[in-house]
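Have a look at the structure below, then the notes.
The values are calculated or read from the model by the stated rules, or taken from the named source; none is laboratory data. Computed from a predicted structure; not experimentally measured. Backbone-built Cβ (ideal geometry, glycine too); neighbour counts: all protein chains shown.
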Amino acid sequence: MKRFVLTICVAAIAAVSFVSCSKKANGAGEKATMKVAMVTDYGDITDQSFNQTTYQACKEYAQSEKLDFKYYKPSGDSTEARVSSINAAIQDGYNVLVLPGFAFSEAIVKTVDDNSDVYFIGLDVSEFDLTSAAEANGKSNWKLPKNAFCAVYAEEIPGFFAGYAAVKEGYRHLGFLGGMSVPAVIRFGYGFVQGCEKAAAEMGISDKVTVEYVYGGQFYGDQTITAAMDGWYQQRGVEVVFACGGGIWTSACEAAAKTNGKVIGVDVDQTALINKYGEGMCVTSAMKGLGATVKASLKSIADGKFGDEYAGKVSSLGLVSGTDLAANFVELPVATWAMKNFTVNQYKSLVKDVFSGKIAISNDIANVPAHSIALNIYPNIK
């Protein structure tokens, strides 16, 4: 996860045709010549979260439209490695690149201007990420060119939903396990704290609710992370952990299984995955519409509408409706709803109140949310 929070950067590079000179990527739909590539970020396509969701969306769209698709995994965690993978994809003839994660911001800045015949679509890459990367590379007043689109998500909203729902469901000792303290993950975490705070205040139990808060320092689970979660579940009495960041959820599940504890998933509906560790382990999942964004942007290129809908834009995706849950880019999964005390109808009312502004959720990642519940913040595990 993957500006906190997580940022996903999806780069879509559209069709390139040559007559006497190369044609710039301008939204002219040429589905027949589209070749789609994805470059992974910190994780890989088996993380059952951010990268895998992006990969599956690319693959599904490519298969449905009979397009060539390939994914590339950088040789290391560096801008140089990401740039190398981007260049390799372009040299291999791929003209639609999907780049998930804020870590691609500098790689985009370094490659997008020299490849105007390629579409870049970035997920979880913010304007701040891009501007900072541009300034660090001596490009003042740099703007995202017309052959690129980046999207970020309002992760604080599904984080809020998850925290609010968990407290309303009856949990009083909760935990947040983030991957790395990047903007997307922080928004998820601070949203979660705000949700717990709001629900506790409404119920008059602020003095009875506690949230433990930590970042693992990585986007995967291992023995060290699991041991830390063992301490939460077994010694501190934590009932449920919101595991947020790539594959780090596996450590939360391994620890929860030893105490009949609960886990909240992230990015996608992880109910089936989490419940493999214990029947009914998954409380809910804080979701964002990665797959929908990928498919919509790729379709826009194929249909020749990219120029009007996406070109040169950096969009923040969140709630777009207070009543149509399926239209929103952030949500809790209704199809696998397992909560008993907090109902789907109550969730719908919550969505309506947040969308209308009746309930305000801060997206500030510089300051810990104001709170009256107990909040224990720990140093990174690693």
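Here are some notes:
- Criterion violated by Val241 - all others in (1) surrounded by 21 or more Cβ atoms within 10 Å (Cβ to Cβ); (2) β-branched (Val, Ile, Thr); (3) not in a strand (DSSP E or B) satisfied: (3)
- Residue under evaluation Gly189, criteria (1) modelled with pLDDT under 95; (2) assigned to a helix (DSSP H, G or I); (3) not assigned by TED's automatic domain parsing to the domain that holds Asn95, criterion not met: (1)
- Residue within segment 269-283 that is touching a strand residue (DSSP E or B) at 6+ places or on another chain (Cβ under 8 Å), part of a helix (DSSP H, G or I), buried (at least 23 other Cβ atoms within 10 Å of the Cβ) and not assigned by TED's automatic domain parsing to the domain that holds Cys253 present: no
- Just one of the numbered conditions (1) within 22 Å of the chain's Cα centre (by Cα); (2) of a type in the set (D, E, K, R); (3) more than 25 Å from Ser126 (Cα to Cα) is not true of Lys358: (1).
- Restricting segment 215-233 to residues that are among the aliphatic types (A, V, I, L, M) and either out of contact with any helix residue (DSSP H, G or I) (no Cβ under 7 Å at 6 or more places or on another chain) or assigned to a loop (DSSP other than H, G, I, E, B) (or both), the residue that is surrounded by the most Cβ atoms within 10 Å (Cβ to Cβ): Ala228
Per-residue answers, yes or no, for (1) farther than 22 Å from Val266 by Cα; (2) among the charged types (D, E, K, R); (3) modelled with pLDDT of 75 or more:
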residue: Val10; (1), (2), (3): no, no, no
residue: Lys35; (1), (2), (3): yes, yes, yes
residue: Tyr61; (1), (2), (3): yes, no, yes
residue: Asp77; (1), (2), (3): yes, yes, yes
residue: Tyr94; (1), (2), (3): yes, no, yes
residue: Leu99; (1), (2), (3): no, no, yes
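- Meets criteria (of a type in the set (D, E, K, R), surrounded by fewer than 23 Cβ atoms within 10 Å (Cβ to Cβ), within 30 Å of Ala302 (Cβ to Cβ) and touching a helix residue (DSSP H, G or I) at 6+ places or on another chain (Cβ under 8 Å)) for Lys146: yes
- Of all the residues in segment 248-260, those that are in contact with a strand residue (DSSP E or B) (Cβ under 9 Å, 6 or more places away or on another chain) and surrounded by fewer than 24 Cβ atoms within 10 Å (Cβ to Cβ) number 1.
- Residue that is surrounded by the fewest Cβ atoms within 10 Å (Cβ to Cβ) [pool: residues in segment 351-367 that are among the hydrophobic types (A, V, I, L, M, F, W, C) and outside any loop (DSSP other than H, G, I, E, B)]: Phe355
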